[in-house]
1. Scanning the range 90-123 for residues that are touching a residue at least 24 places away in the same chain (Cβ under 8 Å) and part of a loop (DSSP other than H, G, I, E, B), which turns out farthest from PRO22 (Cα to Cα)?
2. Could you check how many residues of the range 1-18 are farther than 21 Å from ARG120 by Cβ and in contact with a helix residue (DSSP H, G or I) (Cβ under 6 Å, 6 or more places away or on another chain)?
3. Within the range 22-46, can you find the residues that are loosely packed, with under 13 Cβ neighbours inside 10 Å, not in a loop (DSSP other than H, G, I, E, B) and not hydrophobic (A, V, I, L, M, F, W, C)?
Amino acid sequence: MATKWEVFFIPLCRHTKPVPKPKLVIIVYTNPSPYGFLINSSINRFVSNRPYLLPCEALIPLAQHSSFLKQDSYLDCRDAFPFDLAELNQPRGFLSPDAQKSVLEAVDNCPVLEGIHKQRILS
């Protein structure tokens, strides 16, 4: 059972483009089913070239998450992805309270995240 703010490792994440690859994900809500954001080691070029998307990125500092990160990383809050419970079988830990606040700010300020996801994450 996945819970909000729990981090999972997915060996072949089906939501990466163009091919599945290993990813850490953070579950941001579980009702009606688990949805999460993907963790990236840096802000991707697409986002950095579009300043209006930068508020969608939340810093996940290594200092608070050394049990599952190797460096400061970023949570991309532009798209929430659905996950099956079968995919969420390699837990890695939980997001710190400070990082949770950063994610909630990014979700609130992200101009492209769908409203239904914003509502479910922020409530």
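1. PRO111
2. The qualifying residues number 0.
3. Correct list: PRO22, ARG45.
Yes/no matrix, rows are residues, columns are (1) more than 21 Å from VAL47 (Cβ to Cβ); (2) in contact with a Phe, Trp or Tyr (Cβ under 6 Å, 6 or more places away or on another chain); (3) surrounded by 19 or more Cβ atoms within 10 Å (Cβ to Cβ):
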site	(1), (2), (3)
SER67	yes, no, no
GLN71	no, no, no
TYR74	no, no, yes
GLU87	yes, no, yes
GLN90	yes, yes, no
ALA99	no, no, yes
CYS110	no, no, yes
GLU114	no, no, no
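Each reported figure results from applying straightforward, stated rules to the coordinates on display, with no laboratory input. Only a predicted model underlies this, so the values are computations on that prediction, with no experimental measurement involved. Quick reminder, even Gly has a Cβ in these numbers, built from the backbone with ideal geometry, and neighbours come from all protein chains shown.
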